[in-house]
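See structure below.
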Amino acid sequence: MNGNSNDRKAAIVSAVDSLRPVIEDIAVSLYKRPETGLNEVFASEKLRGILSDNGFSVEAGVADLPTSFVARVGKKRPNIAFMAEYDALPGIGHGCGHNLMAAVAVGAGLAMSRVCPPDELGASWTVLGTPAEETIGGKVVMVEKGVFEDIDAAFIAHPGQRNGVGGGVRWASHPLEITFHGRTSHAGGNPEGGINALDACVAAYISIRNLRNHLKDPVRIAGIIAHGGHAQNIVPDLAQMRFTLRSTDWRYLENVIIPKVKQCAEGAAQAVGCTVEFRHHEMLFRDTLDYPVLQEVCSKNFAYVGAELPPRDEGYAGGGVTDVGSVTWVTPAIQIGFNSTSARGHSVEMADSTVTPRGIDAAVMAAKVLALSAYDIVVEPHLLAEAKAYLKERLSS
């Protein structure tokens with residue numbers, strides 16, 4: 001990079017440092033008023049207000065999600081987005097650190113708008129308010145509603161116990177509800193008059209669990225019987241189970257695993273004489289697509305700000321699911337991790353750690369990494385072109 005680029009990167013770092021009070025205010029305010037998915041009224045209004053006051057045009061309620069928003073400055077392309085999450089966990093509050101994620105996204109967006117004005121750099125900066133990550137997956141809805149169609153790349157940062165540039169959370173998930181319908185009768189006096197939906201459900205459950213022996217790794221099949229009847233002396237006319245079905249390849253999940261699960265249920269229903277119906281009670285969360293070029297850019301910027309980045313464990317697939325995965329299959333995107341705590345995720349201790357000096361320092365650092373990485377892919381267009389080419393290749397493979 002030339003001297004001007006180095007000067008600009010130094011200015012981005014200084015701008016984020018100057019925004020520390022804003023970052024801390026967001027983190028603390030949301031910590032004190034935690035709101036669950038699609039109920040994030042205070043959080044959404046606060047973030048929109050800050051962005052609007054700083055020159056962003058703001059549209060609320062996009063994709064028919066009442067607490068979502070798109071805040072943008074500039075009209076030119078590329079349009080680079082910073083994604084904010086801000087939903088909390090029931091009974092725990094911000095035990096997943098989404099208050100910090102919101103603060104990082106806003107901090108990065110504000111810094112870029114100040115140091116790299118759209119008219120000067122020929123790019124636009126967007127902060128996306130993406131609600132309900134913990135429940136319905138707001139980003140999945142926003143992807144399906146076309147919100148990302150004019151986004152050229154998207155960045156997000158998640159707090160935790162270590163810094164990282166992806167390669168951990170990769171799972172796709174598409175939970176399935178299976179309901180069997182039979183016919184009631186007296187279980188003691190007239191069992192032959194009934195059609196036992198629970199028998200079909202139990203047989204299907206065992207068959208589905210045994211599928212694991214016939215599928216490639218890695219796959220997760222976990223389920224419960226949610227309803228098995230009303231009384232022990234009545235042949236159950238309805239039984240229901242729910243499965244969470246996961247794979248590290250969303251296409252394998254959709255084209256192989258789910259059809260096999262349905263075959264197991266249909267076979268069990270036919271054997272007993274029941275009918276069976278299927279319903280996806282949650283949306284498809286796609287696996288997270290890792291972009292080597294974005295990982296490399298973010299890695300260099302961790303080093304630029306003096307943050308340690310442990311080696312990636314390429315063989316580790318984790319066990320979590322995120323709606324960021326769906327974003328990565330429609331536009332180049334990356335979720336970095338930042339070391340903000342020693343507490344375990346989804347805990348009260350994690351929530352409390354988000355408002356400590358360590359938590360705020362880490363959020364400031366993460367905002368720098370995101371802003372610097374966004375700058376790099378704009379001033380070096382070949383990086384963004386490489387990321388887009390990678391996406392095209394993966395979609396066609």
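Only the coordinates and a few stated rules stand behind these numbers; no lab work does. The structure displayed is predicted, hence computed values, not measured ones. Cβ placement follows ideal geometry from the backbone for every residue including glycine, while neighbour counts extend to all protein chains displayed.
A few notes on this one:
- P(r) for segment 172-279, from all Cα pairs and a bin width of 5 Å, is 2, 14, 24, 21, 15, 10, 6, 4, 2, 0, 0 %, short bins first.
- Under DSSP loop assignment and at most 16 Cβ neighbours within 10 Å, longest GluC sites (Glu not before Pro)-free interval of the chain: 150-307
- Two-decimal Rg to Rh for segment 124-165 - Kirkwood Rh, Cα set: 1.01
- Figure legend: label point modelled 7 angstrom from the Cα of residue 216 along Cα→Cβ; residues of segment 233-271 with amide N under 12 Å from it are 248-253, 256-257.
- Spacing of the two label points (7 Å from each Cα toward its C-beta) at residue 41 and residue 394, in nm: 3.8
- Residues residue 342 and residue 77, FRET efficiency given R0 of 45 Å [Cβ-Cβ distance, rounded to 0.05]: 0.60
- Relative contact order computed over the chain (Cα-Cα under 8 Å; 6+ residues apart), in percent: 22
- Projecting label points 7 angstrom from Cα along Cα→Cβ for residue 120 and residue 312 puts them 3.3 nm apart.
- Spatially proximal aspartates and glutamates relative to residue 368 (Cα-Cα < 19 Å; intrachain offsets below 8 disregarded): 7, 17, 24, 25, 85, 296, 308, 376, 380
- Using θ = phi - 60° in the Karplus curve 6.51 cos²θ - 1.76 cosθ + 1.60, the 3J(HN,Hα) couplings for segment 260-274 round to 5, 4, 5, 4, 4, 5, 5, x, 5, 5, 5, 5, 8, x, 8 Hz; x is entered for Gly and Pro.
- In loop segments of segment 243-337 as defined by DSSP, the chymotrypsin sites (Phe, Trp or Tyr not before Pro) with at most 11 further C-beta atoms inside 10 Å of their C-beta are 316.
- Full extension of the chain between residue 300 and residue 358 gives 18.7 nm of extra length, using 0.36 nm per residue less the Cα-Cα distance.
- Among 78, 292, 381, the residue with the largest mean-square fluctuation in a Gaussian network model of the chain, with springs joining Cα atoms closer than 10 Å, is 381.
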